[in-house]
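**Q** Here it is: the structure, laid out below.
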Amino acid sequence: MRGHTVQLDASEQAVLDEKKNKPTTDVNVQEVDEEDDAREEAAAANGTDLDVAVNEVLTLRSAARILSSPLTWLPALAYMSTFGFELAVDSNLHHDLLLTHPNLGDLNAGYLASIFGCARPARCLLARCSADSLLS
């Protein structure tokens, strides 16, 4: 057995060589119209940057620029911290229900704890609507 080495026949090797030699930097240039300009001006007025996807090679410099941007890591950090907190609550809720209500039983305490976890989408929607009403 040779591990992950793949044996190619002549036709497969020819296709692979053709793909290696073919340039892969296709560029699609589009004109910017007045609507795009208006969108950029509105984004600048709101204090946000309107960004356009650019196909570029990942280098250490570009990786550092991407990772140092709060727009990259702040949403992920917020999601991880809130979801991690919820997982901790869900894991301890079963135990706490058994301590406060011993006659509930192990199975029923687990069911109640799972209902709390399954209600997460409704709680997130309620929190989002509450925040939107407070901020508007």
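The values are calculated or read from the model by the stated rules, or taken from the named source; none is laboratory data. No experiment lies behind these values; they were computed from the predicted model shown. A quick note on method: Cβ atoms are made from the backbone with ideal geometry, for glycine too, and the neighbour counts reach across all protein chains shown.
**Q** Any residue at all in the stretch 35-56 that is basic (Lys, Arg) and at pLDDT 75 or above?
**A** no
**Q** Mind telling me which of the residues ARG61, ARG65 ends up being farther than 28 Å from ALA127 by Cα, surrounded by 11 or more Cβ atoms within 10 Å (Cβ to Cβ) and either at pLDDT 85 or above or in contact with a Cys (Cβ under 9 Å, 6 or more places away or on another chain) (or both)?
**A** ARG65
**Q** Which pairs have Cβ atoms under 7 Å, sit 6 or more apart or on different chains, and link a residue in the stretch 78-104 that is in contact (Cβ under 8 Å) with a residue 24 or more places away in the chain and charged (D, E, K, R) to one that is assigned to a helix (DSSP H, G or I) and surrounded by 11 or more Cβ atoms within 10 Å (Cβ to Cβ)?
**A** Hits for this filter: GLU86/ARG120; ASP90/ALA113; ASP90/PHE116; ASP90/GLY117.
**Q** Residues in the stretch 68-87: is at least one more than 30 Å from ARG120 (Cα to Cα) and either surrounded by 10 or more Cβ atoms within 10 Å (Cβ to Cβ) or at pLDDT 75 or above (or both)?
**A** Among the residues of the stretch 68-87, at least one is more than 30 Å from ARG120 (Cα to Cα) and either surrounded by 10 or more Cβ atoms within 10 Å (Cβ to Cβ) or at pLDDT 75 or above (or both), which makes the answer yes.
**Q** Separate question: I'm checking my understanding of the structure. Among residues of the stretch 90-112 that are within 21 Å of TYR79 (Cα to Cα) and of a type outside the set (S, T, N, Q), which one is modelled with the lowest pLDDT?
**A** ASP90
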